[in-house]
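Trainee: One structure follows; several queries about it will come next.
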Amino acid sequence: MASLDTALDLAAAGRAVFPVGNDKSPRCPRGHLAASTDPTTIRALHRDYGFVLIGIATGERSGIAALDIDNKPGGLEWFAANRDKLPATRTHRTRSGGLHLWFKHRPGLRSSVAAIAPGIDVRADGGSCIWWPAAGLPVLSAGPLAEWPNWLVPPPKPAWTPPPAAPWTGGDHRSRRYAEAALRRAIERVAGAAPGTRRMACCASPRPADCQPARLRRRWHTPPSSPASNGARSRRLSNRHYRRAGVQHEPFQRRADSPRCRREGEHATGVETPAPARNAAA
């Protein structure tokens, strides 16, 4: 377990620290956002959660950034190919066999994953990194921190641009005039509505009654089994909606020999017919 003294020493050097578990996940709520350089806060974090490992909030908060070279396909190979181009700086061995190269923070540098090359991550603003020497891993180079190399700045993400608007394909000039006229009538109807009725006027159909779709002129007819049945209530509600919309419609007629009429025991004329007799038990 990392010691509290090591965490306090790092904080005294201006590194914002926070407790990390052995699985490299934060032990405190808010993670690296809870990192601090205040000794009282650090002691409280150690008392409540314990520093199994020490995490450092990288970037502007601590003034340092790390080049994380993973021990994965591509990581160490990239380091071997570019080692001569890298300036001498503080270097730590990680638990997985990778490397942490520590640099002075470059303003505006943000954390990224594999933006430079596969297996090469940047720990800067918005990220964190583990201080592995506190867990007993070797310091490969204890030299002073170098400036972040210009050629290691990840390429910026392309700015999002909205897709070009599609050309107008809504029909000929007649349909456009109709849409403009319908919108104008709707605005006039709402503007002239009495107080308390503007919402209903806004939701009303802008088309005249003779242009209503055929489905509104069709009557919802459900033969009731009793005067107080749901079928009678449905017809009353349907008629009310038609009167409100000002639509003239013809009552829906059923064929007298339709399966529905035979099953309900009535004809389209409303005359009751006896239901077929059931087989009596012997």
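The values are calculated or read from the model by the stated rules, or taken from the named source; none is laboratory data. Not measured: the values here are computed from a predicted model. Because the Cβ atoms are built from the backbone with ideal geometry, glycine has one as well, and the counts that use them run over all protein chains shown.
Trainee: Residue 66 - would you say it is closer than 21 Å to residue 6 by Cα, modelled with pLDDT of 95 or more and within 31 Å of the chain's Cα centre (by Cα)? So that I can check it myself, show each step before the final result.
Mentor: Numbers: closer than 21 Å to residue 6 by Cα: yes; modelled with pLDDT of 95 or more: yes; within 31 Å of the chain's Cα centre (by Cα): yes.
It is true that residue 66 is closer than 21 Å to residue 6 by Cα, modelled with pLDDT of 95 or more and within 31 Å of the chain's Cα centre (by Cα).
Trainee: Taking strands (runs of 3 or more DSSP E) that do not extend beyond the stretch 75-177, which have at least 2 residues that are in contact (Cβ under 8 Å) with a residue 60 or more places away in the chain and not assigned by TED's automatic domain parsing to the domain that holds residue 24? Steps first, please.
Mentor: Values: elements: 91-93, 99-104, 112-117, 120-123, 128-130, 139-141.
So the answer is 128-130.
Trainee: Then there's this: Looking only at the stretch 94-118, count how many residues are more than 15 Å from residue 148 (Cα to Cα) and out of contact with any helix residue (DSSP H, G or I) (no Cβ under 9 Å at 6 or more places or on another chain).
Mentor: Step one: list which residues in the stretch 94-118 are more than 15 Å from residue 148 (Cα to Cα), which gives 94-99, 113-115, 117-118.
Adding the requirement that they be out of contact with any helix residue (DSSP H, G or I) (no Cβ under 9 Å at 6 or more places or on another chain) leaves 96, 113-115.
Qualifying residue count for the region: 4.
Trainee: Pairs please, first residue from the stretch 6-19 and closer than 14 Å to residue 145 by Cβ, second anywhere and of a type in the set (A, V, I, L, M, F, W, C) and surrounded by 21 or more Cβ atoms within 10 Å (Cβ to Cβ), Cβ atoms under 6 Å, 6+ apart in sequence or on different chains.
Mentor: Filtered contacts from the stretch 6-19: 10/17; 15/56.
Trainee: Looking at the stretch 20-56 only, could you name the residues that are part of a loop (DSSP other than H, G, I, E, B) and charged (D, E, K, R)? Explain how you work it out, then say what you get.
Mentor: Just the residues of the stretch 20-56 that are part of a loop (DSSP other than H, G, I, E, B), to begin with: 21-25, 27-30, 35, 37-38, 49-52.
Once the filter is applied, which keeps residues that are part of a loop (DSSP other than H, G, I, E, B) and charged (D, E, K, R), the stretch 20-56 yields 23, 24, 27, 30, 38.
Trainee: May I pose another question? Sort out which residues of the stretch 73-89 are exposed (fewer than 10 other Cβ atoms within 10 Å of the Cβ) and under 37 Å from the mean Cα position of the chain (by Cα), and write them in order of number.
Mentor: Passing the criteria: only 73.
Trainee: Now a separate question. Suppose the filter is among the polar types (S, T, N, Q), touching a strand residue (DSSP E or B) at 6+ places or on another chain (Cβ under 8 Å), in the same structural domain as residue 9 (by TED's automatic domain parsing) and closer than 22 Å to residue 3 by Cβ; does residue 36 pass it? I'd like the intermediate steps shown before the answer.
Mentor: Numbers: among the polar types (S, T, N, Q): yes; touching a strand residue (DSSP E or B) at 6+ places or on another chain (Cβ under 8 Å): yes; in the same structural domain as residue 9 (by TED's automatic domain parsing): yes; closer than 22 Å to residue 3 by Cβ: yes.
Answer is yes for this residue.
Trainee: Here is a list: 51, 79. Which entry is of a type in the set (Phe, Trp, Tyr) and more than 23 Å from residue 126 (Cα to Cα)?
Mentor: 79
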